[in-house]
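Q: Following this message is one structure expressed as structure tokens.
The values are calculated or read from the model by the stated rules, or taken from the named source; none is laboratory data. Everything numeric in this text was worked out from a predicted model, so none of it was measured. Positions of Cβ are generated from backbone atoms using ideal geometry, with glycine treated the same way; all protein chains shown enter the neighbour counts. Surface areas here come from the heavy atoms of the whole protein model, side chains and all, with no ligands, DNA or RNA. Shrake-Rupley method; radii C 1.70, N 1.55, O 1.52, S 1.80 Å.
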Amino acid sequence: MNLIASKLGRPKCRLVHSWRQTIKHVTQRVYGNVVLFSSYTDQSVALPLYKRLSINTNPSVSIVPILDEWVQQGHQLSRDELFSLVTRFRSIRRFSHALQISEWMSEKHSDNLLARDRATHMELISTVRGPDQAEKYFHDLPPIWRSPRICSSLLKCFAEAGCLKKAEILMEKMKKSGFAEHRYSYNIMLKMYFQLGLYDKAELLLEEMEKKGFTSDSWTYRIQLAAYSTSGKVKEMDMLLMKMQADPIHAMKASDYITSASGYLNAGLVELSLTMLRFAEHLATGKEKRVTFLCLITLYARAKLKEEVSRLWDIYKTSWNTYNKGYHVMVSSYVNLGDFEAAEKIIDEWAESLSGNAPSDMWVINPLVQAYGNKGEFEKAEEVINKIRARFAIEPKRSTLCAFVHGYLIHNRIEDAVKTVEKALQLNDSTWIPYYHKSVITTCLDYLKTKGDTEELLKFMSLLEESNSNVENLYTHHHLEDAERHSDLVDDAELDGIELKRGMI
């Protein structure tokens, strides 16, 4: 530990704007008539467009009529204003609505779209409808528009979907066409290899990058660091951290030490992890400090250091306004520490902070609900839900119901799990995307298939499709046996029709 700490030395710091300066800048960021980030708005006057669009949280309900209405009221919407809206909705993971805005923009500004507009549109298609539809969009583009930027986005679509064979074929075509002359495409492939557990291919790619003169950038480093941290490759992580610290171009960030601390914890190296956490706390500045503190709280809870959790929470509460995320992290941390009573007190504190205003969701309680369910104490889990239900007259949404389901699965109450998931899928809200709980979904699907209840299976699949249009491959992906997933379905000839030309930039 001393060797690593001495090699790393004091973390490097950057001069950044203060959090207050950053907030001031963000709240004043306006694009024409489109206010992307605004302070509290008088509800008696017309809402800015972003706020109007944000009210509709159901991904299955189109927001196109709101855009049409805005224009009919005499407002203009430029391409850049629309792209900023797409970016904003994408950043808050409302992909369906981001795609709707992008489609509307493509229709209204078809003559002056940039490569970035088409690339973003294709990536959204992949996220919402799957990589096959993104590939179809690419094939429908005139060859002159298939620029390096567009090709890199298609590569990203394949990589994020785990389409190994397709990604590799496209990457080779890009190399031959001179479209892979930057580390960006290599980083996309590197991330995919690590995520699929193909470490040998990842290391070979790193060697290729070095031979081509593509020195590692911050993204390359962080892809490697996250992979080594998750897989417990301590030796590789040690060497990488020293390389990152010695690189004069790369500025170490608090997040780098957070990632490494998690990796050392995974490997049981608590003291070394604590050293990384101290570096992270020292280095955290500006707008990243708030998020860093929540990560620190989570990791100290994993290290079973309750005093540190309490210390950081006290600092957090006096430094920033405490919103749902902070309370959620604390509930989760106390659950991690095995102190369920303290977790319930945090929930009470959260409820008091709302000053009688009903929250839109009770997701803050989810870690405790899941913990009770995992222990088989379903009545206590119900009590936690009922307490919030009675206080605010709200019903649990999908995420809370899903938290309950984990306990059913652990205790082999699969029928109850299926019924609860079906109930969750029938709810009209966007707080939970089934893909992120694919183990729950696939277990339910397996059960229904084994049970031989075709009608119930079809009903379940129908609910999945209605809930989110990008879950149709869940069951298929779960049953593919190799890391290449559906690469065996892909023939080299399938991508032979792709003609790459240097097009619009």
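Q: Share of segment 299-350's accessible area from carbon and sulfur, percent, 1.4 Å? Intermediate results must be reported in sequence, preceding the final value.
A: Working: 1130 of 2400 Å².
Taking all protein chains in place, segment 299-350 shows 47 percent carbon and sulfur surface.
Q: Here's a follow-up. With bins 5 Å wide starting at 0, give me the P(r) of segment 301-433 over every alpha carbon pair, in whole percents.
A: 2, 10, 19, 23, 19, 15, 8, 3, 1, 0
Q: Taking Rh as the Kirkwood radius computed over C-alpha pairs, what is the Stokes-Einstein D of segment 156-207 at 4 °C in a medium of viscosity 1.567 mPa s, expressed in µm² per second? The partial results should precede the final answer.
A: Values: Rh = 10.9 Å.
D, rounded to a whole number, is 119 µm²/s.
Q: Okay, moving on. If each of Ile66 and Leu427 carries a label point 7 Å out from its Cα toward its Cβ, how far apart are those two points in nm?
A: 2.1
Q: Note down, for segment 327-390, the three equivalent ellipsoid semi-axes (square root of 5 times each alpha carbon gyration tensor eigenvalue), biggest first, whole angstrom. If you can, show how the numbers build up before the last one.
A: On the way: eigenvalues 69, 37, 15 Å².
One finds semi-axes of 19, 14, 9 Å for segment 327-390.
Q: Can you pull the Rg over Rh of segment 82-193, Cα-only, Kirkwood?
A: Values: Rg = 13.6 Å, Rh = 14.2 Å.
Reported Rg/Rh (Cα atoms, Kirkwood Rh): 0.96.
Q: State log₁₀ I(q)/I(0) for segment 285-376 at q = 0.14 Å⁻¹ as given by the Debye formula over alpha-carbon point scatterers of equal weight, solvent excluded.
A: -0.48
Q: Considering the convex hull of the alpha carbon atoms of segment 113-268, report its projected area averaged over all viewing directions, in nm², one decimal. Walk me through the numbers on the way to the answer.
A: On the way: hull surface 40.6 nm².
For segment 113-268, averaging the hull's shadow over all directions gives 10.2 nm².
Q: Gap in Å between the Cα centre of segment 232-284 and the Cα centre of segment 330-344?
A: 26
Q: What are the semi-axes of the equivalent ellipsoid for segment 215-337, taken as the square roots of 5 times the Cα gyration tensor eigenvalues, largest first, in whole Å?
A: Values: eigenvalues 130, 57, 25 Å².
The answer is 26, 17, 11 Å, longest axis first.
Q: Could the peptides 275-284, 387-396, 415-424 be put in order, highest first, of the mean number of other beta-carbon atoms found within 10 Å of their residues? Provide the component values of the computation, followed by the final result.
A: Values: 275-284: 21.2, 387-396: 15.3, 415-424: 18.8.
Ranked from most to least packed, the peptides come out as 275-284, 415-424, 387-396.
Q: Let me ask something else about it. Quick one: how many Å² of His75 are accessible to a 1.4 Å probe, rounded to 10?
A: Here the residue's solvent-accessible area equals roughly 50 Å².
Q: Using a 1.4 Å probe, what is the accessible area per residue for segment 207-329, in Å²? Kindly include the intermediate steps, with their values, before the conclusion.
A: Details: 5640 Å² over 123 residues.
Each residue of segment 207-329 exposes 46 Å² on average to a 1.4 Å probe.
Q: Now for a separate question. Of all alpha-carbon pairs in segment 271-334, indicate the percentage at a distance above 14 angstrom. Mind dumping the intermediate values first?
A: Numbers: 1081 of 2016 pairs.
The proportion of pairs with Cα distances above 14 Å equals 54 percent.
Q: Between Ser439 and Ile144, take the C-beta separation as r, use R0 = 30 Å, and let me know the FRET efficiency to the nearest 0.05.
A: Here the calculated transfer efficiency is 0.10.
Q: Something else: Whole percent per 5 Å bin, from 0 to the bin with the longest distance: what is P(r) over all C-alpha pairs of segment 366-409?
A: 6, 28, 33, 23, 8, 2
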